[in-house]
Structures are given as C-alpha cells and as structure tokens.
Amino acid sequence: MTAQKLYDEQQPGKKPGCRAVSGYLFGLAGELALKHMMSRSGMKPNPNDKRNDPFYAHFPSLRTMVADMAHGRLQGALRRISESGVFENWSTDMRYAPTGQIHDAWVDKWKAQATDLVDKLGDL
C-alpha cells in the first residue's frame, strides 16, 4: 500500500510531508472501503443528484450522509461506522495544507481506521 510506504518514511533525512500525504491516502482508502460497503448493502449511486449522494461525498460529510441514508443488509454496520467519528479532522482540503498542520496523532488514527475498514471488507 502506497500510504503505508509514505507513512514509514519518517526517519531523519527523508522527504518532508510523506507522513501527511500518507494520512490523506489513508482517508481516501477509508472512503473507498466505506463506499464499497454501501454498494454491497444495496445502495446505488445517483449521478443526477451528486450533491446529496454519499457515493460522491468525502469525509466528514460522508459520515453524516451515510448515517442518514444507510439501508440494506449492512445498514446497522454502516450506521455504526458513520456514527463512530471515523476520520475525524480528515478532509480533502488537507491535500493543500502545510505539512505542519497535519498532526502525527491524526495520521496514526487514520491509518488504524483505514486498516480496520479495509479488513471489514473481508467479512462481507
């Protein structure tokens, strides 16, 4: 996983910003895993209403939309995930944020959350 490689690049002398970029990628991995679960639950994207469709949303609004719209056989699991506060402080806006604004503790948490969501895919 590219995010893992960047995450591991934290020794002195390595390129600055690798850890922050890994945090961004962990968030995207988490979004994709959650959206795969939505699809497996029977939810379908609505390209005619992208603004209100969780398939086109990113954290943090993705969490709220999933909590409000989850249905199908994985409804309970989707709601628990979305209401758990996963990827708190993560946003696509961080892509352009200075590295110093992305806290290591956040990245560590996002890594664990992405790993957990991807692992859950094997249980579907």
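Report the local net charge at ARG73: Lys and Arg +1, Asp and Glu -1, summed over other residues whose C-beta lies under 15 Å from its C-beta. Net of charged neighbours comes to +4. Remark: segment 47-63, residue by residue, has Karplus-estimated 3J(HN,Hα) of x, 7, 9, 4, 4, 10, 10, x, 5, 10, 9, 10, 4, x, 5, 4, 4 Hz, where x stands for each Gly or Pro and the curve is 6.51 cos²θ - 1.76 cosθ + 1.60 at θ = phi - 60°.
Values [x] 15.1, 49; [y] 36.1, 103; [z] 17.3, 57 are given for comparison; Rg and Dmax of the Cα atoms in Å, derived from the coordinates here, is the one labelled [x].
Relative to the longest principal axis of the Cα atoms of the chain, the long axis of helix 18-40 lies at roughly 10 degrees.
Extension gain, GLU83 to ASP49, is 9.9 nm, computed as 0.36 nm per intervening residue step minus the present C-alpha separation.
Name all residues of segment 43-76 having a backbone nitrogen under 15 Å from the label point set 7 Å from the Cα of ASP123 along its Cα→Cβ direction, giving them as ranges. Taking a point 7 Å out along Cα→Cβ of ASP123, the residues of segment 43-76 whose backbone N falls under 15 Å are 74-76.
Sort the following peptides by mean Cβ neighbour count (other Cβ atoms within 10 Å, averaged over residues), highest first: 43-51, 67-75. Display every interim value, and only then the final one.
On the way: 43-51: 11.2, 67-75: 15.2.
Result, highest mean Cβ count within 10 Å first: 67-75, 43-51.
In the chain, the DSSP-assigned H stretches of four residues or longer account for a calculated mean residue ellipticity at 222 nm of -17000 deg cm²/dmol, using -39500 (n - 2.57) per stretch and the full residue count as denominator. The stretch between ARG73 and THR2, if pulled fully straight at 0.36 nm per residue, gains 22.4 nm over its current Cα-Cα span.
Read-outs: derived from the displayed coordinates by stated rules, not from any lab. What you see is a predicted model, and the numbers here were worked out from it, not measured in a lab. With ideal geometry, Cβ positions are generated from the backbone for all residues, glycine too; neighbour counts draw on all protein chains shown.
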